[in-house]
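Just so it is clear, none of the values below were taken in a lab; they were calculated from the coordinates. These numbers come from a predicted model, not from an experiment. Note: ideal-geometry Cβ built from the backbone for every residue, glycine included; neighbour counts use all protein chains shown.
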Amino acid sequence: MAAPVKHVKEAEVDALTNLLVQSMDSRSDPDFFGVCARCGKKITGDGTGCSAMDQTFHIECFICTICAKQLRGVPFYAVEGKPYCEDDYFNTLEKCSVCSKPIMDRILRATGKPYHPGCFTCVVCAKSLDGIPFTVDATNQIHCIEDFHRKFAPRCAMCHQPIMPDPGQEETVRIVALDKSFHIDCYRCEDCGNQLSSEADGRGCYPLDEHILCRQCNAVRINTLTSRMTTEL
């Protein structure tokens, strides 16, 4: 099993030795430019070679790793020691999930997708969410926490405003009665305005005909209805 590895190493040593010999033999040649890093042959003659990535190449050997376009005199990118033309380099980059453009600098990953940091924004207010809490809806759209609550939080049956956490808080409490939601402060008797609570402390809800009432106001309404029915009889 060790023999193939030995042969490979010997071949590498031989190749380096040959390059060194060529270089030493060619020092006296004024037209000698160097040894091509791609083909391993001598570069001789004015205008036949170029330098890039701390190496020398024949002009025809300095090409894009993917499309083989000659790169002398044009912008190129070096990736792991290999040259790429601009188009092929951009094609190797991840694309932003919002703008679909290549991500040249820092990649922000969220919901399993790549983003430019500046493209990762709330779909409602467009505020940047880079480095701050966010959430997604059922369709995987990105929201800041505030807009998510404003959009999807249950509405109070009394004030009709969303029931959402206070600034800096992650959770809130709502009261549900008669299949309706209420803020704690909005959960009040419709007649007298007294705040309602649990029945244990005597401030419970005594609903009547879909109305939220305290015990006293419930009794008053029942007495009024009873008196009206008696009069009508």
Report summary line: In this structure, among K95/K151; K41/K95; K41/K69; K42/K95, pairs with alpha-carbon gaps over 32 Å are K41/K95; K42/K95
Query raised in the report: Using 7 Å Cα-to-Cβ label points, what is the C125/K113 separation (nm, one decimal)?
Result: 2.1
Query raised in the report: Around K127, which amide H atoms from residues at least 5 apart in sequence, or from another chain, sit under 5 Å from its own amide H, with H modelled in the peptide plane?
Result: C122
Requested in this report: In whole Hz, with x marking every Gly and Pro, tabulate ³J(HN,Hα) for segment 97-107 from phi via Karplus 6.51 cos²θ - 1.76 cosθ + 1.60, θ = phi - 60°.
Outcome: 5, 9, 9, 6, 8, x, 9, 7, 10, 6, 9
**Report entry** Summed side-chain charge close to H116 - residues other than H116 whose Cβ falls under 13 Å, Lys, Arg +1, Asp, Glu -1
**Finding:** +2
